[in-house]
Amino acid sequence: MNSVQFESYFKSIAKSDLFSNIPPSSIAELLNNSTLENWQKKTCFISKDVIHNKFHILISGKIKAYNYDFRNDRRFTLFLLKENDLFDVFSLENKMEHNIHYEALKDSLVLSIPVFKMKQWAHKNPAIHTALTQYVLNRILVLENFINDVVIEDTFTRLTKLFIKYIDKPTKKFTMINDLSHDELAQLIGTTRAVLNRHIQVFKDNGIIEVSRNSTQLKDYNKLLNMANNL
């Protein structure tokens, strides 16, 4: 990466909560050990070797972390990754593997660090361990809440909660999910596109959202909140 890119990525990482207690010199060292990768939209990694041998920091773009059942050709999205998200933390633990895949939902810039170099860097910067633990715990909490929803709530309620989750409160507009296809939205709540489409129609009929090709926009924030409160 050139000096302009280095400065830009340095500022991006430095403002992240994960690296707030890391000295600037250590962040610079991390960048020097990194390779900049351009993941074009629909770039997909399902090989464990690729993911488990490198540690990644998402600089810009959007990537989904998902499970895939090859037998039934079904996908379930676990997380939507955004700027300064990390993956895969499991790669930092010896012999710890899990079944997870990654796909760029839009053109994304990713910093890639060999796992052995990331481990060496983390050993010299122990403050990162606390930050990584908190990061993982937050992910576990998200999964715990989702498991509860899958078991207890119907798909319409899960979609409503998804809409609420991804509202940018200052603008009262959707963020992260506004440009996703219905297939991708369905994978976020653990259902099929056919079921999702029926629910989407209810929101449209009530004047809550506007839908066009790969675009879902929030039209009436208050109506959405009222619907959520009445579930």
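What follows draws every value from the coordinates through simple rules; no lab data is involved. This structure is a prediction, so every number in the text was calculated from the model and none was measured. In this analysis, Cβ positions are derived from the backbone assuming ideal geometry, glycine residues included, and neighbour counts consider all displayed protein chains.
Quick notes on this structure:
- Partner lysines for K119 [C-alpha distance under 20 Å; skip if fewer than 8 residues away on the same chain]: K48, K54, K95
- Given +1 at the Cβ of Lys and Arg, -1 at the Cβ of Asp and Glu and no other charges, the dipole of the chain around its Cα centre is 240 debye to the nearest 20.
- Shape class for segment 153-229: rounded, because the ratio a/c of the largest to smallest gyration tensor axis (alpha-carbon atoms, square roots of eigenvalues) is under 1.5.
- Qualifying trypsin sites (Lys or Arg not before Pro) in segment 66-158, DSSP loop, other Cβ atoms within 10 Å at most 15: R71, K82, K95
- Considering helices alone, the calculated mean residue ellipticity of the chain at 222 nm is -13500 deg cm²/dmol, with DSSP H runs of length four and up weighted by -39500 (n - 2.57) and normalised per residue.
- For the chain, the average shadow cast by the Cα convex hull is 13.9 nm², which is a quarter of the hull's surface.
- Model label zone, R75; criterion: amide N under 17 Å from point 7 Å along Cα-to-beta-carbon; scope segment 104-130: 104-108
- When the pairs K172/K204; K15/K42; K64/K161; K173/K204 are compared against a 22 Å limit on Cα-Cα distance, K15/K42 fall above it.
- Ranking N84, M176, L132 by Cα position along the charge dipole of the chain, where only Lys, Arg, Asp and Glu carry charges on their C-beta atoms, puts M176 farthest toward the positive end.
- Virtual spin-label span in nm between F90 and T192, 7 Å along Cα→Cβ: 2.8 nm
- With R₀ set to 41 Å, the beta-carbon distance separating E37 from A228 gives a calculated FRET efficiency near 0.60.
- Each of the peptides 55-61, 126-132, 33-39 was scored by the mean count of other Cβ atoms within 10 Å over its residues; in descending order, highest first, they stand as 55-61, 33-39, 126-132.
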